[in-house]
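Working notes, beginning with the structure itself.
Values in this text are rule-based calculations from the coordinates and carry no lab data. The shown structure was predicted, so the numbers you read here are calculated from the model rather than taken from an experiment. Reconstructed Cβ throughout: ideal geometry from the backbone, glycine too, with neighbour counts over all protein chains shown.
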Amino acid sequence: MSFLDQCSKENIHNRTIDISTYAWDTEHVLMVGELKEQRYVGFINHLGEGVNPGIYHNMKIELLIDTRTMTIKDVAVSLPRIPRDDCSATAASLDQIKGMTITRGFSATIKKLIGGINGCVHLNTLLLAMGPAAVQGSWIYNSWQQKEAERFDPETGGHLVDSCWTWRENGPLAAAMGHKVSTQPDREEESPAEDNSLISSERSL
């Protein structure tokens, strides 16, 4: 029995993040991400203000991605619902990611550029979730465009190795794809700020 089956199931808050990948042209995909946060109960906030039930955060980010290089070619931000008028100023914080490559170090760079007072924590959360999705979506798009499956290439598919338990370097899946176990000393462990799913053969940011 799950924990949910044991509670009253009175939902007081919900946050959803939805990310979709759309074909754009032969070399690009469009990533569309949306974060929506809704409260189902009213309360008094820390400023003494009465807060009514309803949607209070709704952010959208669109990224045009070059699937060959994983470069962000363009970005668009919209804020359909924000709790404070002042929040609208944070939309421009993502202008600086145009031209950035989604590769090793992407998550740490985003946190440094638009984290804290440099941006919006909710836009930051959404963008960080879109990074791995962009890698997955671009890979699917490129595979879809091919006439037949390509053999595993360490230069293009090596980012999968050690990205999770199933893709561990000395595991059966990596071996089946032709990956050779490295004889080099263990690679330096990723910082908690990093995201293994964003690793590619591109140069680190």
query: Is the shape of region 1-86 best called rounded, prolate or oblate, per the rule: a/c under 1.5 gives rounded, else a/b larger than b/c gives prolate, else oblate, with a ≥ b ≥ c the square roots of the Cα gyration tensor eigenvalues?
result: oblate
- prompt: Given a Förster distance of 41 angstrom, what is the FRET efficiency for Ala23 paired with Phe3, based on the Cβ-Cβ distance and rounded to 0.05?
  reply: 0.55
- request: Set the Förster distance to 35 Å, then compute FRET efficiency between Leu79 and Ala176 from the Cβ-Cβ distance, nearest 0.05.
  value: 0.15
- request: Treat each spin label as a single point 7 Å out from the Cα along the C-beta direction, and report the Ser88 to Val121 distance in nm.
  value: 2.3 nm
query: Among rounded, prolate and oblate, which fits region 4-142 when a ≥ b ≥ c are the square roots of the eigenvalues of its C-alpha gyration tensor, a/c under 1.5 means rounded, and a/b larger than b/c means prolate?
result: prolate
- request: Using Cα pairs closer than 8 Å and at least 6 residues apart in sequence, work out the relative contact order for region 4-142, in percent.
  value: 21 percent
